[in-house]
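Presented below is the structure to which this report refers.
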Amino acid sequence: MIVHSFGIEIEKIIKNREQSFIDLIGLNASVEGIKAKIYCFENHRLYNDKISDYSKKIISDFEEFIPHCNSEIVESFDDNECFEMRIDIRNSTQLDKYLKYISSLFKFDDDVFDEIHRLANMKSSVNTNNMIPSLYFMGYKRVKDDILCFKNFFRAVKENNEENSDIYDDKYYIEYLLKSEIKELSELSSISEKIVAAKLGNIHCIGIDCFASGGVKYKVYFKNSIFSVNGIKQIIDKYMGESSKCLLENIIYIEKYMSRFSELFLDFFCISVSKENDMAVNLYYCFPKDTKQKYYSLRENLVARDIGGLYFIIDICDKNCYKLKELYSTNEIGKTIFDIMNKYQVITVEKILNELKKVLVDYDSSMDNMIRNDIVNFLQSLFEIGYLKRY
């Protein structure tokens with residue numbers, strides 16, 4: 001049921017130790033069967049082989065008006081090009097530019113676009129200094145020159161940082177979604193409410209897939225450090241209606257198939273419903289956290305100053321920074337990395353590496369590992385003095 005090349009590719013990733021370039025291993029179970037996907041970050045060989053000029057232009061366009069982090073190519077073992085990008089919208093102006101931009105790429109139904117706008121404008125129920133829009137991922141599926149599907153994803157965490165990454169705004173989101181005038185979304189939210197109440201999972205994020213054919217798929221993603229495949233089976237059996245038997249058979253098959261890859265663990269799952277009322281379940285497997293790329297962002301109020309020909313990174317809100325603290329000095333490359341991080345807000349080592357390649361004189365691909373190690377060491381030093389947040 002799962003394509004043969006999918007298993008071969010996972011084995012190759014493990015053998016070549018490419019885990020840090022892999023975001024997710026996804027398997028979709030529906031009444032139509034099982035589909036397998038591998039989400040590959042920038043600089044992975046599959047990403048480099050498959051990214052199109054169209055997607056490169058999207059990346060370039062985003063650089064003009066919205067900070068973004070990693071882009072991903074989704075290897076789906078078919079002729080589709082699946083592209084996703086983590087974006088970091090910080091205010092309503094950036095959000096409005098984003099919505100205008102995606103409207104130029106894809107024709108959305110009015111009611112669906114209104115729902116995207118409402119979800120994108122949701123804020124956490126917790127009062128924090130970082131009240132940013134919930135929209136944080138976008139993507140699309142293309143065949144040749146046509147976009148078949150456009151995707152938007154909305155975070156459901158209270159605080160988007162390492163220490164609080166598993167604190168979810170379940171009640172706030174469920175109450176909001178239950179009020180939706182879109183029937184399918186309201187029904188999916190009712191199921192979500194039952195899942196949360198039974199402690200089978202927390203709402204991790206929400207997705208809306210819009211199809212060129214006019215169809216829409218609504219998705220709720222769940223995460224829980226203690227949930228299991230058995231818990232997912234329980235959900236399917238209780239809440240998935242007429243399709244539950246077929247879905248259960250597919251989930252059991254996936255569980256058995258994935259057991260051969262001991263390095264992977266089941267991290268979260270998704271329940272989706274389309275306007276045709278077709279329900280499906282996605283399982284997402286990950287490599288261990290310490291093998292995955294980390295996201296970084298600079299603390300607020302930091303600037304780089306040229307003092308006597310040397311660059312110093314200082315906190316401009318610390319009145320005593322020049323008197324009482326040992327200033328953090330860096331070279332021109334460190335200053336360049338600092339500027340890149342300021343530009344993109346939230347970033348990974350690979351993104352910094354790609355940006356450095358554009359400005360380094362006499363760059364050669366053989367230098368990648370050396371440059372990558374220098375970036376890691378620089379970020380670690382910033383982290384140790386409290387100038388960096390790690391997600």
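The values are calculated or read from the model by the stated rules, or taken from the named source; none is laboratory data. Source: prediction; values computed, not measured. For neighbour counting, all protein chains shown are included, and Cβ atoms are generated from backbone atoms with ideal geometry for every residue, glycine included. Keep in mind that these areas ignore ligands, DNA and RNA; they rest on the heavy atoms of the full protein, side chains included. Shrake-Rupley method; radii C 1.70, N 1.55, O 1.52, S 1.80 Å.
Starting from residues that are polar (S, T, N, Q) and open to solvent by less than 70 Å² (accessible area, probe 1.4 Å), keep the ones in the stretch 346-391 and report whichever is farthest from Lys289 (Cα to Cα). Step through it out loud before you land on a result.
Step one: filter the stretch 346-391 for residues polar (S, T, N, Q), giving 348, 354, 365-366, 369, 373, 377, 380-381.
Add one more test, that the residue is open to solvent by less than 70 Å² (accessible area, probe 1.4 Å), and what stays is 348, 354, 381.
Values: Thr348: 14, Asn354: 23, Ser381: 21 Å.
Per the stated criteria, the residue is Asn354.
Based on what the data block shows, is Glu263 on the phi < 0 side of the Ramachandran plot, charged (D, E, K, R) and in contact (Cβ under 8 Å) with a residue 40 or more places away in the chain? Can you show your working first?
Working: on the phi < 0 side of the Ramachandran plot: yes; charged (D, E, K, R): yes; in contact (Cβ under 8 Å) with a residue 40 or more places away in the chain: yes.
Criteria met by Glu263.
Across the stretch 61-73, which residue is most open to solvent (accessible area, probe 1.4 Å) among those that are part of a helix (DSSP H, G or I) and closer than 15 Å to Gly139 by Cα? Don't jump to the end; show me each part of the working.
Our first condition is that a residue be part of a helix (DSSP H, G or I); within the stretch 61-73, this holds for 61-65.
In the following step, the residues that additionally are closer than 15 Å to Gly139 by Cα were identified as 61-62.
On the way: Asp61: 35, Phe62: 0 Å².
The qualifying residue most open to solvent (accessible area, probe 1.4 Å) is Asp61.
Looking only at the stretch 248-259, which residues are under 26 Å from the mean Cα position of the chain (by Cα) and in contact (Cβ under 8 Å) with a residue 60 or more places away in the chain?
Pass one, the stretch 248-259, residues under 26 Å from the mean Cα position of the chain (by Cα): 250-251, 254-255, 257-259.
Selection gives Asn250, Ile251, Ile254, Tyr257, Met258.
Applying the selection to the stretch 301-319, what residues are at pLDDT 85 or above, on the phi < 0 side of the Ramachandran plot and either within 27 Å of the chain's Cα centre (by Cα) or open to solvent by less than 60 Å² (accessible area, probe 1.4 Å) (or both)?
Once the filter is applied, which keeps residues that are at pLDDT 85 or above, on the phi < 0 side of the Ramachandran plot and either within 27 Å of the chain's Cα centre (by Cα) or open to solvent by less than 60 Å² (accessible area, probe 1.4 Å) (or both), the stretch 301-319 yields Leu302, Val303, Ala304, Tyr311, Phe312, Ile313, Ile314.
State the number of residues belonging to the stretch 10-44 that are part of a helix (DSSP H, G or I), out of contact with any His (no Cβ under 9 Å at 6 or more places or on another chain) and open to solvent by less than 20 Å² (accessible area, probe 1.4 Å).
Qualifying residue count, the stretch 10-44: 1.
Go through the stretch 251-268 and give me each residue that's open to solvent by 80 Å² or more (accessible area, probe 1.4 Å) and in a helix (DSSP H, G or I).
Ile252, Lys256
Could you grab me the full set of residues in the stretch 97-120 that are open to solvent by less than 20 Å² (accessible area, probe 1.4 Å) and outside any loop (DSSP other than H, G, I, E, B)?
Once the filter is applied, which keeps residues that are open to solvent by less than 20 Å² (accessible area, probe 1.4 Å) and outside any loop (DSSP other than H, G, I, E, B), the stretch 97-120 yields Tyr98, Leu99, Ile102, Val112, Glu115, Ile116, Leu119, Ala120.
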